[in-house]
Amino acid sequence: MRLATLSASLFIHSLCFGQTTLYKQSNKIMEYQFAVADSSAIRQMSESEKIKFELKYVEKSYTRTINSNFESNVEVKIDSNDFKKDWMTLAKKYRYTQTGIDMIGSDNLVTKSIPYSTEELAFITEEKEGIEEAGFHPGLRAFPSFDAATINLLSAENIFVSNMPNGEVKVTAGGTTTIYNSFKKTIVSDYTDGDGIKCKETLAYEPYGVDKGFLLKIKKLERFVTTNAGQCITETRLTYYSNYEIVDNGNLVNKAMDKKDVVNLYPNPTDGVFTVAVSLKDDASIGSVKIIHAITGNTVTVNHNSQSTFLVNMPNLAAGNYVLQIVTSNQRTINTNFIKN
């Protein structure tokens, strides 16, 4: 699951436009921005330059509504303007449609429509499908479980997982290192941004109800800047989220937190030798496993040795498209497609 958080965008509820409200979340956001320079840099600054390193803050209220067609309406209200930012002059209401973002003025009329970029469209489509089909929840997150099967699957995608002695889990992908602490409910990522500046993002969560996931509580973003004079400056944006109110008419919370049947098959495509890792809900077990040719329907039975993770060794399978079919002990059927090279 993508790590989609509240701060991913400043968008929120405008009008329901006759749609049934599936989900609505409101909260208060207090954002502080400040920077710290080393002592030699401070001494060289003029009084006007020092102002840049004073504590600044803005207070916002945020509401997001997801309607029955999984489009999203967002509203941001600025409660305190102790300093001015360009985005404060923009529309405070937005509607996320299937094709783009509508900016809405104080008269509730669309003032401008901005089509999604290719990347934004892919993200919106993935989120919509996740909400509608996979049970992804837009305001809550669950901490990932790094079992052996998951670690092996991620490794095949060049994502490497290390279990730390203190119980933390370090995940390395490309130039980003992320550390999960399931006890403290924190996620810390180190990466380099598009400007080549080293960054560190810390996300802290609090439980929502019992076994319903976690709400974002604190976000801290640090940028470690080195000036032309060699002075190091830490720019920090510290954000607090509070006063959450959640309306869940679409039962999205329960759907998102419900355990699902999961079958991981890797590598895929395969040369006929691959690993299958199965996680079943309701304490079910694996009944039977078959490989079915997608065109001919020819079927081969697989011996899983009563194991939830097992190796399939069939290099003599003809090239083509196949279905790995698992029937559980309570007669659920799970199909996973794969390709034999």
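The values are calculated or read from the model by the stated rules, or taken from the named source; none is laboratory data. Note that the coordinates shown come from a computational prediction; the quantities given were computed from them, not determined experimentally. Because the Cβ atoms are built from the backbone with ideal geometry, glycine has one as well, and the counts that use them run over all protein chains shown.
Would you check if ALA277 is hydrophobic (A, V, I, L, M, F, W, C) and in a strand (DSSP E or B)?
Values: hydrophobic (A, V, I, L, M, F, W, C): yes; in a strand (DSSP E or B): yes.
So ALA277 passes the test.
Out of all the residues in the range 128-169, which are assigned to a helix (DSSP H, G or I) and in the same structural domain as TYR241 (by TED's automatic domain parsing)?
So the first thing to find is which residues in the range 128-169 are assigned to a helix (DSSP H, G or I), and the list is 128-134, 148-156.
Correct list: LYS128, GLU129, GLY130, ILE131, GLU132, GLU133, ALA134.
Only one of these is modelled with pLDDT under 85, among the small types (Gly, Ala, Ser), within 28 Å of ILE187 (Cα to Cα) and out of contact with any Leu (no Cβ under 9 Å at 6 or more places or on another chain): SER106, SER145. Name it. Give the steps one after another, and end with the answer.
Working: SER106 fails: within 28 Å of ILE187 (Cα to Cα).
Exactly one residue qualifies, and that residue is SER145.
Okay, residues lined up against (1) in a strand (DSSP E or B); (2) under 31 Å from the mean Cα position of the chain (by Cα); (3) within 19 Å of PRO267 (Cβ to Cβ):
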{"site": "ILE292", "(1), (2), (3)": "yes, no, no"}
{"site": "HIS304", "(1), (2), (3)": "no, no, yes"}
{"site": "PHE310", "(1), (2), (3)": "yes, yes, yes"}
{"site": "LEU317", "(1), (2), (3)": "no, no, yes"}
{"site": "LEU324", "(1), (2), (3)": "yes, yes, yes"}
{"site": "ASN335", "(1), (2), (3)": "yes, yes, yes"}
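Among the listed residues ALA142, ALA156, ALA91, ALA149, identify the single one that is of a type in the set (A, V, I, L, M, F, W, C) and without any contact (Cβ under 8 Å) to a residue 24 or more places away in the chain. Show your work before the answer.
Details: ALA142 fails: without any contact (Cβ under 8 Å) to a residue 24 or more places away in the chain; ALA156 fails: without any contact (Cβ under 8 Å) to a residue 24 or more places away in the chain; ALA149 fails: without any contact (Cβ under 8 Å) to a residue 24 or more places away in the chain.
Answer to the selection: ALA91.
So that you can scan it fast, the table gives a plain yes or no per residue for (1) farther than 30 Å from VAL36 by Cβ; (2) in contact (Cβ under 8 Å) with a residue 40 or more places away in the chain; (3) in contact with a Leu (Cβ under 6 Å, 6 or more places away or on another chain):
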site: ILE233; (1), (2), (3): no, yes, no
site: GLU245; (1), (2), (3): yes, yes, no
site: ASN251; (1), (2), (3): yes, no, no
site: LYS260; (1), (2), (3): yes, yes, no
site: PRO267; (1), (2), (3): yes, yes, no
site: THR270; (1), (2), (3): yes, yes, no
site: ALA277; (1), (2), (3): yes, yes, no
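Can you tell which of PHE53, PHE34, PHE70 is assigned to a loop (DSSP other than H, G, I, E, B), surrounded by 15 or more Cβ atoms within 10 Å (Cβ to Cβ), modelled with pLDDT of 70 or more and in the same structural domain as ASN249 (by TED's automatic domain parsing)? Before you say what the answer is, go through the steps one by one.
On the way: PHE53 fails: modelled with pLDDT of 70 or more; PHE34 fails: assigned to a loop (DSSP other than H, G, I, E, B).
The match here is PHE70.
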